[in-house]
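Each reported figure results from applying straightforward, stated rules to the coordinates on display, with no laboratory input. Predicted, not measured: the structure shown is a model, and the values here were computed from it. Cβ atoms come from the backbone with ideal geometry, glycine included; neighbour counts cover every protein chain shown.
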Amino acid sequence: MSELAYYPGCLNHTASREYDESLRLVADKLDIPLREVPDWNCCGGNSASSLDIGLAYTLPARNLVQAHTISKEVVVPCPICYENLLESKQELAHNEALAASLAEALDTEVRDVPEPLSALQIFTAETVLEKIRLYARKSLSGLKVAAYYGCRQKTESLDQLLLALGGEGLNWPYRNECCGGRISGGNDKIAKTMVGRIVDMARECGAEAIVTACPLCHANLDLRQFQLRRDQNTPLIPVFYFTQLIGLTLGIDPSALGLNKHFVSTERALTSAGIK
Amino acid sequence: MEVRQCEQCAKCSGGCPTGFAMDYLPHQIVRLLQLELKETVLESQALWLCTDCKICLSLCPHQINLPNIMKELKREARMSGAGKVQAYHDAFLASVERYGRTSAALALGIRNGSDKEIRWPLLKRGKIKVFRGRVHDKVAMKRLFAQGKRRTLDV
């Protein structure tokens, strides 16, 4: 496979560092060569689109321009970053004034910017799933996992991945329920209520673990659940990034995958799956 | 305007994940817009509780794009100075303007109040950093933000 540009995004260097670390390790094992976009900047998150429509397009666009030298596609782990980059590319395709002002600001030509691909999309392509089955040294069998897609990912690919990992996705109703990650910055109390509802439902449906592909969902579910613990006496449910689950079945060391960076302990789930 | 098509079935409000905390529910926001009471909407707290999760859009029998309307209204509220623009968004963009990237502390909103207690656990895990990563090409970032300010003044 030829080299792909990789846009980590702000959270993957901080709050979701285990997503970044596990993704790089797994990509390496599965022969998907990634190169970080040089000098990348914030995509604008939820704030640029709420406050300034111009920046909502130009901030992600600079990253597309920076990724241009590496490959025709850029891999984006965070669904919010992914959406921002994609909308920016779509707008650039028909908005000539935007392309012109961007070219002026960046002092470069803006043409044929790369196509954003979500990391989930890359790792659940049929060829990659086949490779995972081939390389797997362990299996998730026995572990009841709730695939949590959040508000941005309207697919079934986490469930397909769970099958490839030897497990089975739980049938539960809140797979696309919003976790409140996008407003938790200014409204943490509301976000905690939303997280409580989602985790309670997962528990009621018998989940022993939750898997996600979004840094905001993960930070929100893992961290806020930990914060909520004081008020409840119920067992906590560990939240994994899908890249961590792939890594575990490939036999990568759990701490290298960043499982020790979580707030909710993953020990019990790993024991239940027979991985530890 | 597409809000005219709304017949107040209130499915959007039934599905809205933050409806429980809103001063006006999504279908009430649309009703206010139908009645041309936009000022009330611009000052509402509901505007800033929309997570843009798009569940309302998927439930709407007329496919009214309420998430987009909400985003437009947020920008209008900021421009006209109506209501209270969430300080969070301003702080977020100010951080991107200054460093080119945002900090996790900002993105997760752990700056004050009850969240102070989790700062140390986050620092210990390397999830918030004392020295954040930043963009080296400061000139490019400065120009992008200057363009943004010029656009705002033009409107």
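So the values come out like this:
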read-out	value
Cα convex hull volume per residue for chain A (Å³)	118
Average projected area [Cα convex hull, chain B], square nanometres	11.4
Amide H contacts under 5 Å for A:LEU4, placed H, 5+ residues apart	A:LEU34, A:ARG35
Using θ = phi - 60° and Karplus 6.51 cos²θ - 1.76 cosθ + 1.60, couplings along region A:55-63 (whole Hz; Gly, Pro as x)	4, 4, 9, 6, 4, x, 4, 4, 5
Sequence of A:SER265, B:SER103, A:SER255, B:SER13 once ranked by neighbouring C-beta atoms within 10 Å, starting from the fewest	A:SER255, A:SER265, B:SER13, B:SER103
Relative contact order (percent, whole number), region A:138-178, Cα cutoff 8 Å, 6+ residue spacing	54
Relative contact order %, chain B, counting alpha carbon pairs below 8 Å whose residues are six or more apart	17
Ascending count of other beta-carbon atoms within 10 Å, so fewest first, for A:ILE80, A:ILE237	A:ILE237, A:ILE80
Inter-probe distance in nm under a simple model that places probes 7 Å from Cα toward Cβ, at A:ALA125 and A:THR234	4.0
Lysines with Cα under 22 Å of A:LYS29, excluding same-chain neighbours fewer than 8 positions away	A:LYS131, A:LYS138, A:LYS261, A:LYS276
Cut-off under 5 Å, modelled amide H: who pairs with A:LEU117 long-range	A:VAL74, A:VAL75, A:VAL76
Charge context of A:ILE70, other residues only, Cβ under 11 angstrom, K/R +1, D/E -1	-1
Backbone HN-Hα couplings from phi across region A:191-206 [Karplus 6.51/-1.76/1.60, Hz, Gly and Pro as x]	4, 4, 4, 5, 4, x, 4, 5, 5, 4, 5, 4, 5, 4, 7, x
Choice from A:GLY185, A:GLY142, A:GLY44 with maximal GNM fluctuation in chain A (Cα, 10 Å cutoff)	A:GLY185
Within chain A, helix-based [θ] at 222 nm, where runs of 4 or more DSSP H residues each add -39,500 (n - 2.57), nearest 500	-13000 deg cm²/dmol
Cα gyration tensor shape for region A:4-121, rounded if a/c is under 1.5, else prolate or oblate	prolate
Degrees between helix A:17-29 axis and first principal axis of chain A (Cα, 0 to 90, nearest 10)	90
Chain A: angle of helix A:79-94 to the longest principal axis, Cα-based, in degrees nearest 10	20
Phi to ³J(HN,Hα) by Karplus 6.51 cos²θ - 1.76 cosθ + 1.60 over region A:169-177, Hz, x for Gly, Pro	x, 6, 8, 8, x, 9, 4, 10, 5
